[in-house]
Amino acid sequence: LAVLVLRTVQIQSYWRGQQSRCQFIAAVESIVSLQAAYRGFHCRKEYLRGKASIVSLQCAGRGMIVRKEMKHWHDSAIIVQKVWCGYLARSELGVVKDAIIRLQSIAR
């Protein structure tokens, strides 16, 4: 009878140990799963933050380039307008000058 009790206790001990090991493995797997989910969340968050920084820098750079080009076009337009206005003024001055010379020649 004592041997039977001893064997029964050994079987129960083995069974409880097996259950504890299964519970431990399940807990470890749960922890690993949680860690992976957190790492994924954290990495996605860092990626999006970095991407937002890059987009912001690109936006600033492109804006700077466009402003520089617009200033160039504006300056070029001013030069064209100056030249055209000078041409018109000289042409008009020539016409007025000729008219004055004709009037003076008639008057003399």
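Has the range 95-108 got at least one residue that is out of contact with any strand residue (DSSP E or B) (no Cβ under 6 Å at 6 or more places or on another chain), open to solvent by 80 Å² or more (accessible area, probe 1.4 Å) and among the small types (Gly, Ala, Ser)?
yes
Does the range 78-90 contain any residue that is surrounded by 10 or more Cβ atoms within 10 Å (Cβ to Cβ), assigned to a helix (DSSP H, G or I) and of a type in the set (S, T, N, Q)?
Yes; the residues of the range 78-90 include at least one that is surrounded by 10 or more Cβ atoms within 10 Å (Cβ to Cβ), assigned to a helix (DSSP H, G or I) and of a type in the set (S, T, N, Q).
Cβ-Cβ under 9 Å, sequence separation 6+ or interchain: first residue in the range 21-33 and touching a residue at least 12 places away in the same chain (Cβ under 8 Å), partner open to solvent by less than 70 Å² (accessible area, probe 1.4 Å) and β-branched (Val, Ile, Thr). Which pairs?
Note: no pairs meet the criteria.
The values are calculated or read from the model by the stated rules, or taken from the named source; none is laboratory data. Just so it is clear, the model here is predicted, and its values are computed rather than measured. Cβ atoms come from the backbone with ideal geometry, glycine included; neighbour counts cover every protein chain shown. What goes into the accessible areas is simple: the full protein's heavy atoms, side chains included, and nothing from ligands, DNA or RNA. Shrake-Rupley method; radii C 1.70, N 1.55, O 1.52, S 1.80 Å.
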